[in-house]
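Take a look at the structure set out below.
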Amino acid sequence: MSPVRTSVIGTQHHAATLTPGRTRWGSTFAEEWTWQLQGSCRGLPSSVFYFPENERGHRRRRRELRAKRICMECPVIRECLHHALTWPETWGI
């Protein structure tokens with residue numbers, strides 16, 4: 001039996017049958033994920049994008065603005081957005 005990966009796009013659930021080592025589009029997994037190597041966020045601590053439990057007010061807004069600036073200047077923002085909307089990402093900016 002082939003592995004099945006389920007993703008969420010909007011409110012619709014889509015399942016794709018995967019061949020070992022290949023994505024549903026026929027590319028290899030490495031080819032599909034190489035865009036992440038070009039991300040402006042690569043190598044930054046997760047605390048830049050994810051807030052501590054008790055962070056509020058000015059500190060939180062300042063951190064969020066910094067994170068959004070990093071994203072807006074990123075050369076792979078479209079690929080990242082597509083990834084976030086395709087897979088059930090629940091956290092982040």
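The values are calculated or read from the model by the stated rules, or taken from the named source; none is laboratory data. Everything quoted here is computed from the prediction, not taken from an experiment. FYI the Cβ positions are ideal-geometry reconstructions off the backbone, even for glycines, and counts take in every protein chain you see. The accessibility values were calculated without ligands, DNA or RNA, using every heavy atom of the protein model including side chains. Shrake-Rupley method; radii C 1.70, N 1.55, O 1.52, S 1.80 Å.
Values as computed for the structure displayed
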{"item": "Segment 72-92 - residue that is open to solvent by 50 Å² or more (accessible area, probe 1.4 Å) and part of a helix (DSSP H, G or I) and, of those, farthest from S40 (Cα to Cα)", "result": "L85"}
{"item": "Of all residues making up segment 49-67, the number that are within 17 Å of G39 (Cα to Cα) and open to solvent by less than 100 Å² (accessible area, probe 1.4 Å)", "result": "2"}
{"item": "G21 being more than 19 Å from E89 (Cβ to Cβ), at pLDDT 90 or above and open to solvent by less than 60 Å² (accessible area, probe 1.4 Å)", "result": "no"}
